[in-house]
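J.: One structure, pasted below without further comment.
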């Protein structure tokens, strides 16, 4: 039996690489004769570079950039041929700062701009940016400042607070810095920049913005959009990573779902073509998984190959009807099967145990 294991990270507990190995370990424990292929996946959020490095190899170039508040943080550019892969979460990730120390009105995306510059200086002619999991909500203004953009009446790399009084923005230097470079936005969501379903309203609370600050930050981003390109603010992915998607679109980026970028890069379709079973997963499997998340993307490819797909997740928050609408035959909850305490205390062991149990139902000698 040939089993392809293609999960995302289990946020806060396991990377995608660790999750894939844990599932493989449990499956082999029950059915040692199976051919098990691991293909760790990402939607563009945290772990994007790790997953691609695992699948593609390439050269990792270490870079130090400022975090959302200007402190140095390590990041990496993955260079594969002429393509550089990098992720926003390494430079300006939400996980870099404890909740009590977050200052979302001051958080800047400048570090990601410096990471992009490092990629270009490494010789890349194509730069793919995984956008997701950030602590910033500045519309990518800091990123643009790092690339040379200037403004009148405001400070671009001081978070939403710095955009107060914004008059004009000159993007010409930033565009010149990327002349001849193909830019790709690999986003985990298709959110627009502004309004009730925009970046601030949807993801601002998890970054620490208060109700009052949500209104202020969204108004600042609206002015920023008006000073640059208001139409682009309504494009899919413009609101990704606190508006970093918008900045990349301003620079001419092409937007693609992150899971598609990874699937194409590692040729997941070829791996699925001869699979008897496909296993995917993530930390929380819910109906939002349809919006560019890994389980949905993997299930769609499995469906095209006419292969059954199941999911293992920390939590399963959808019913059977919704599950099948996502292309998943069955989903199994780690918390439900082994308990919340063990799921968090020993996640790899617990996930392996769950995979072993699932193999009894879906496996064959």
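The values are calculated or read from the model by the stated rules, or taken from the named source; none is laboratory data. Everything numeric in this text was worked out from a predicted model, so none of it was measured. Glycine also receives a Cβ, built like all others from the backbone with ideal geometry; neighbour counts cover every protein chain displayed.
J.: Quick one: residue 196 ticks every box in (1) modelled with pLDDT under 95; (2) touching a strand residue (DSSP E or B) at 6+ places or on another chain (Cβ under 8 Å); (3) surrounded by fewer than 22 Cβ atoms within 10 Å (Cβ to Cβ) bar one, so which box is it?
T.: (2)
J.: Tell me yes or no: at least one residue of the range 118-127 is modelled with pLDDT of 95 or more, out of contact with any helix residue (DSSP H, G or I) (no Cβ under 9 Å at 6 or more places or on another chain) and part of a strand (DSSP E or B).
T.: Yes.
J.: Now, a different point. From the list 306, 317, pick out the single residue that is at positive phi and surrounded by fewer than 21 Cβ atoms within 10 Å (Cβ to Cβ).
T.: 306
J.: Here's another thing I want to ask about it. Please go through the range 200-236 and pick out each residue that is in contact with a strand residue (DSSP E or B) (Cβ under 8 Å, 6 or more places away or on another chain) and closer than 12 Å to residue 250 by Cβ.
T.: Correct list: 224, 227, 228, 233, 235.
J.: Check whether at least one residue in the range 15-31 is touching a residue at least 60 places away in the same chain (Cβ under 8 Å) and in a loop (DSSP other than H, G, I, E, B), and report yes or no.
T.: Taking every residue of the range 15-31 in turn, at least one turns out to be touching a residue at least 60 places away in the same chain (Cβ under 8 Å) and in a loop (DSSP other than H, G, I, E, B).
J.: Run residue 98 past the list (1) free of Cβ contacts under 8 Å to residues at least 60 places away in the same chain; (2) surrounded by fewer than 24 Cβ atoms within 10 Å (Cβ to Cβ); (3) within 23 Å of residue 262 (Cα to Cα) and report the number of the one that doesn't hold.
T.: (3)
J.: Scan the range 84-94 and give yes if some residue there is surrounded by fewer than 19 Cβ atoms within 10 Å (Cβ to Cβ), touching a residue at least 24 places away in the same chain (Cβ under 8 Å) and part of a helix (DSSP H, G or I), otherwise no.
T.: no
Matching residues to (1) touching a strand residue (DSSP E or B) at 6+ places or on another chain (Cβ under 9 Å); (2) outside any helix (DSSP H, G or I); (3) at pLDDT 95 or above; (4) surrounded by 23 or more Cβ atoms within 10 Å (Cβ to Cβ):
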| residue | (1), (2), (3), (4) |
| --- | --- |
| 238 | yes, yes, yes, yes |
| 259 | yes, no, no, yes |
| 272 | yes, no, yes, yes |
| 275 | yes, yes, yes, no |
| 279 | yes, yes, yes, yes |
| 288 | no, no, no, no |
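J.: Please count how many residues of the range 48-83 are on the phi < 0 side of the Ramachandran plot and in a loop (DSSP other than H, G, I, E, B).
T.: 5
J.: Cβ-Cβ distance below 6 Å, separation of 6 or more or different chains: which pairs start in the range 338-365 with a residue that is surrounded by fewer than 15 Cβ atoms within 10 Å (Cβ to Cβ) and end on one that is at pLDDT below 85?
T.: If the second residue must be at pLDDT below 85, no pairs are left.
J.: So residue 323 ticks every box in (1) touching a helix residue (DSSP H, G or I) at 6+ places or on another chain (Cβ under 7 Å); (2) assigned to a helix (DSSP H, G or I) but one. Which box is left unticked?
T.: That leaves (1) as the condition not met.
J.: When you scan the range 101-113, how many residues do you find that are surrounded by fewer than 19 Cβ atoms within 10 Å (Cβ to Cβ) and outside any loop (DSSP other than H, G, I, E, B)?
T.: Matching residues across the range 101-113 total 1.
J.: If you don't mind, there's one more thing I want to ask. Since residue 226 meets every condition but one in (1) modelled with pLDDT of 95 or more; (2) buried (at least 16 other Cβ atoms within 10 Å of the Cβ), which condition does it not meet?
T.: Result: residue 226 fails condition (2) only.
J.: Return the residue satisfying two criteria in turn: it lies in the range 324-337 and is modelled with pLDDT under 90 and more than 23 Å from the chain's Cα centre (by Cα), and of such residues it is surrounded by the most Cβ atoms within 10 Å (Cβ to Cβ).
T.: The residue in question is 335.
J.: Please verify whether residue 185 is buried (at least 20 other Cβ atoms within 10 Å of the Cβ), on the phi < 0 side of the Ramachandran plot and under 19 Å from the mean Cα position of the chain (by Cα), treating the condition exactly as stated.
T.: Yes; evaluated as a whole, the condition is true for this residue.
J.: Scan the range 290-320 for residues that are assigned to a strand (DSSP E or B) and over 21 Å from residue 132 (Cβ atoms) and jot them down.
T.: Scanning the range 290-320 gives 309, 310, 312, 316.
J.: With the checklist (1) in contact (Cβ under 8 Å) with a residue 24 or more places away in the chain; (2) surrounded by fewer than 16 Cβ atoms within 10 Å (Cβ to Cβ); (3) more than 17 Å from the chain's Cα centre (by Cα) in hand, flag the one item residue 312 doesn't pass.
T.: Only one criterion is unmet by residue 312, namely (2).
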